[in-house]
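The next block holds one structure in the form of structure tokens; read it before the comments.
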Amino acid sequence: MRRLAPALRLDGADAELIDLIKSIVAACKEISFRVGQGELSDVLGSTLNENVQGETQKKLDVISNELLKDLILETGSVMAISSEEEESTVPGNPQGKYLVTFDPLDGSSNTDINSLIGTIFSILPAPQGADPADPSIFLQPGTAQIAAGYVLYGPATLMALTTGKGTKMYTLDKTYGGFLLTTEQVSIPGVTSEFAINMSNQRYWQPAMQNYIADLLKGKEGPRGKNFNMRWIAAMVGDVHRILCRGGIFAYPRDLKDPKKPDKLRLMYEANPMSFLVEQAGGASTTGYERIMKIQPVDIHQRVPVILGSKHEVESCLQYHQPM
Ligand code: AFP
């Protein structure tokens, strides 16, 4: 068994940042415990409520949101939080140095089938002197992120974390009760033959993605000259984790299934933190037309198209998005 370090290793991070990340970790350990109890802890199933995204909230969505919110605000170093599950941002300490955005439970449709789910978070600088109740303080591009990570509740509970100096992976040691550093530097292979996309939306995609996937599916006999394999977990956290472990490309492109909602993934809670982790592990992340982390957000609940993963494969996909 590899035990590289007994605790979080955050090169160059100051004490307040370390404390904040420890609070997020504490909430995630509690979520991990409850997820692990399954049916026994009365956390499965739905509530009668819809969240701001118009989705029915699962009990675990609500429990995870409350745990994260309480523990993060208790630190005193956070000016405000923004959660995928809350309509408005929640103010904290006006003197706080940080803003935190999070998706408390990504992949909630997997909760009731005992499949992969996770928590995704991002830490931004708080503009000093700003009004903590003003949601526009969150409208910063992904390049401003100080740290980002996810905790994956799978057969093992794992955390991927970046503070801008590479991406590290930690595993929760349930006997000791803490996360141990298990991968010092995650490195995504540049080349892959594995893709992740919800193929049931194929007929609604724009031509660029239609053509790209059509060429992957032609395999050895097609223009790519090799066979591709497909995986879809229905939880971005699971798909991105696989990519951090062995490479691949993940896409949730724009589609015309519901013209009122052409993009599915949220910039602040999913796309930006995952892009930061992937780029820090040597991968790439784009909408097809621009680097995700360069997008200037206009709304805290904004959605964007996402294409990320192995660098050379993302570049191949980008060629299909070039103007003719
Ligand atoms: P939920 O957290 O609301 O279940 O959504 C998960 C997600 O935003 C993302 O994690 C998945 O990649 C994607 O949705 C799955 O969407 P499909 O419904 O198209 O499989």
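Under the rule of -39500 (n - 2.57) per DSSP H run of 4 or more residues, summed and divided by the residues of the chain, what mean residue ellipticity at 222 nm is obtained, to the nearest 500 deg cm²/dmol?
The per-residue figure over the chain is -8000 deg cm²/dmol.
May I ask you to derive the relative contact order of the chain, considering only C-alpha pairs under 8 Å and at least 6 residues apart, and to give it as an integer percent?
So the answer I get is 16 percent.
Out of 66, 16, 50, any idea which swings most in a Gaussian network model of the chain, alpha carbons joined below 10 Å?
Comparing 66, 16, 50 in a Gaussian network model of the chain, the most mobile one is 50.
When you count, for each residue, the other Cβ atoms within 10 Å and take the mean per peptide, how do 166-173, 303-310 rank with the highest first?
Final packing ranking: 303-310, 166-173.
If you place +1 on the Cβ of every Lys and Arg and -1 on the Cβ of every Asp and Glu, how big does the dipole about the Cα centre of the chain come out, in debye to the nearest 20?
Dipole of the chain, to the nearest 20 debye: 1260 debye.
How many angstrom lie between the C-alpha centres of the range 182-248 and the range 293-324?
So the separation of the two Cα centres works out to 14 Å.
Hey, rough spin-label estimate for residue 198 and residue 234, points 7 angstrom out along Cα→Cβ, what's it come to in nanometres?
According to this spin-label approximation, the distance is 1.0 nm.
Give 69/294; 168/311; 264/294; 22/69; 59/260; 58/264 a once-over and call out the pairs whose C-alpha atoms are over 23 Å from each other. Write down the numbers at each step before the final one.
Details: 69/294 27 Å; 168/311 18 Å; 264/294 19 Å; 22/69 14 Å; 59/260 27 Å; 58/264 18 Å.
Table pairs above 23 Å Cα-Cα are 69/294; 59/260.
Could you tell me the distance between the Cα centroids of the range 162-177 and the range 53-100, to the nearest Å?
The two parts, judged by their Cα centres, are 22 Å apart.
Every number in this text was worked out from the coordinates using simple rules, so none of it is lab data. The shown structure was predicted, so the numbers you read here are calculated from the model rather than taken from an experiment. Every residue, glycine among them, receives a Cβ derived from its backbone with ideal geometry; neighbour counts consider all protein chains shown.
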